[in-house]
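See below for the structure under consideration.
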Amino acid sequence: LTAFPDRLCRVRAGSAERGTMVGGRGVRLDKQSSVRHEKFFVAIDIDDSNREVTVRCASAVEPQWLTINGPLKEHLSVFHDVTFNQARKKLEGRRKVSWHGLILEESPQAIEDDNQALDVLFEQALRKPIEVLPEEKTEAAHFLLRARWLRQVHPGKLDGPAENLDRVLDTESLLHHVRGEAHGFRSFEDIRNTDWMILFSSLLGDDGVALVNRLAPVHCALHNGKKYKIEYAIGKQPEVRIRIQELFGVVEIPGLVDGEVALTVQLLGPNNKPQQRTDNLMSFWLRTYPSVRKEMKHRYPKHAWPEDPTVVVQKKVGRSKNA
């Protein structure tokens, strides 16, 4: 071992003949070798003509020779490492003992270096941002989606109060800002639990947040006072789902981005099943509604289907005999 320190090998878990040598190459003991079931051995005579090194002559190594207080301690080094557990999505601290880079043993240890931990955690987060950004269907996730859609379809509208919006839209930049406040974070869950709306407000200012909400609102508000949630998607026209009967008396759907972007309406029947799509409600009433009315009136005769849908349908109120 003293003569060949760079030939130390560690047998792989679950194997009696295969192992890893200093430097990282895979080795395999010759079938005739009497060295078996030893955790460590020295590869004295090798054939490295193949991808996997064949060890023709080996010598077993006693584990106590490889202790930090043993006779060969000058070849050993102890260091503390932080690794990311992919299955648990969290950091783990480890104490490792190595022989010229070959790990001999490791054990769990509390993480002490916060900066090192954050380096590892956010490096992993950048590889899988979908697992750390605001959870789907939350207020923050919806705001981020609306802001990104807005920047894509009409970037010129975001000058001024929201000129820092690129910080919000760029994932790397956004996570950089999260890290600035991420003291003690040890898992993807810690990142995801960030108060994202406060972060957006700090980056954009209240005026910037208000501008996004005005140009790309959460709801479509009709003149009859009813509100419907708008569905956004990058690369697609925003859409709102409304039952046809709830639009009687409505001739125009408000547009987005100060009226410059039309909102698609998915028109639903009484059973909430899609019937038609349009981004021009008045055109639908004039050209398509007559045929839709004929079909709906046949399928749902108890519902009102006025000939002129631009007029508000008044519900009939019955009078009792004693009225």
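The values are calculated or read from the model by the stated rules, or taken from the named source; none is laboratory data. Here the structure is a predicted model, which means the values were calculated and not measured. Note that we place each Cβ from the backbone using ideal geometry, even for glycine, and neighbour counts take in every protein chain shown. Ligands, DNA and RNA are excluded from the accessible area calculation, which covers all protein heavy atoms including side chains. Shrake-Rupley method; radii C 1.70, N 1.55, O 1.52, S 1.80 Å.
So the values come out like this:
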{"item": "Within the chain, percent of DSSP bridges classed antiparallel, to nearest 5", "result": "85 percent"}
{"item": "Estimated [θ] at 222 nm from DSSP helical runs (n ≥ 4, -39500 (n - 2.57)) normalised by residues in the chain, nearest 500", "result": "-7500 deg cm²/dmol"}
{"item": "Potential extension, Arg51-Ala262 segment - 0.36 nm per residue separation minus Cα distance", "result": "69.7 nm"}
{"item": "Relative contact order computed over the chain (Cα-Cα under 8 Å; 6+ residues apart), in percent", "result": "9 percent"}
{"item": "Solvent-accessible surface ranking, highest first, for Met282, Met21 at 1.4 angstrom", "result": "Met282, Met21"}
{"item": "Average projected area [Cα convex hull, region 1-43], square nanometres", "result": "2.9 nm²"}
{"item": "Above-threshold pairs, the threshold being 20 Å between Cα atoms, out of Lys226/Lys302; Lys137/Lys236; Lys236/Lys294; Lys227/Lys302; Lys157/Lys226; Lys227/Lys294", "result": "Lys226/Lys302; Lys236/Lys294; Lys227/Lys302; Lys157/Lys226; Lys227/Lys294"}
{"item": "Ranked order, Cys57, Cys9 - accessible area, probe 1.4 Å, largest first", "result": "Cys57, Cys9"}
{"item": "Among Leu133, Phe248, Ile234 - extreme Cα towards positive end, dipole of region 116-248, charges at beta-carbon", "result": "Phe248"}
{"item": "Which of Ile191, Ile111 is most accessible, then next, and so on - probe 1.4 Å", "result": "Ile111, Ile191"}
{"item": "Area accessible to solvent at Thr20, 1.4 Å probe radius, in Å²", "result": "40 Å²"}
{"item": "Nitroxide proxy distance, nm - points 7 Å out along Cα→Cβ at Ser173 and Lys90", "result": "3.3 nm"}
{"item": "Under 16 Å from the Cα of Lys297 - aspartates and glutamates, other chains or at least 8 residues apart", "result": "Glu246, Glu307, Asp308"}
{"item": "Surrounding net charge for Leu72, when Lys and Arg each add one and Asp and Glu each subtract one, Cβ distance under 14 Å", "result": "-1"}
{"item": "Gln276-Ser98 FRET efficiency (beta carbon distance; Förster radius 56 Å; 0.05 resolution)", "result": "0.25"}
{"item": "Sites matching trypsin sites (Lys or Arg not before Pro) across region 173-232 that sit in DSSP coil, with at most 14 neighbouring C-beta atoms within 10 Å", "result": "Lys226"}
{"item": "Heavy-atom accessible surface of region 1-142: percent carbon and sulfur, 1.4 Å", "result": "46 percent"}
{"item": "Against the rule of thumb 2.2 N^0.38 Å, how large the Cα Rg of the chain comes out", "result": "1.72"}
{"item": "Cα gyration tensor shape of region 1-106, rounded if a/c is under 1.5, else prolate or oblate by comparing a/b with b/c", "result": "oblate"}
{"item": "Inter-probe distance in nm under a simple model that places probes 7 Å from Cα toward Cβ, at Ala233 and Thr67", "result": "6.5 nm"}
{"item": "Contour excess over end-to-end distance, with Cα ends at Glu112 and Asp30 and 0.36 nm allotted per residue", "result": "25.1 nm"}
{"item": "Accessible area of the chain divided out per residue, in Å², using a probe of 1.4 angstrom", "result": "59 Å²"}
{"item": "Helix 114-127 axis, angle to the chain major axis (alpha carbon atoms, nearest 10°)", "result": "60 degrees"}
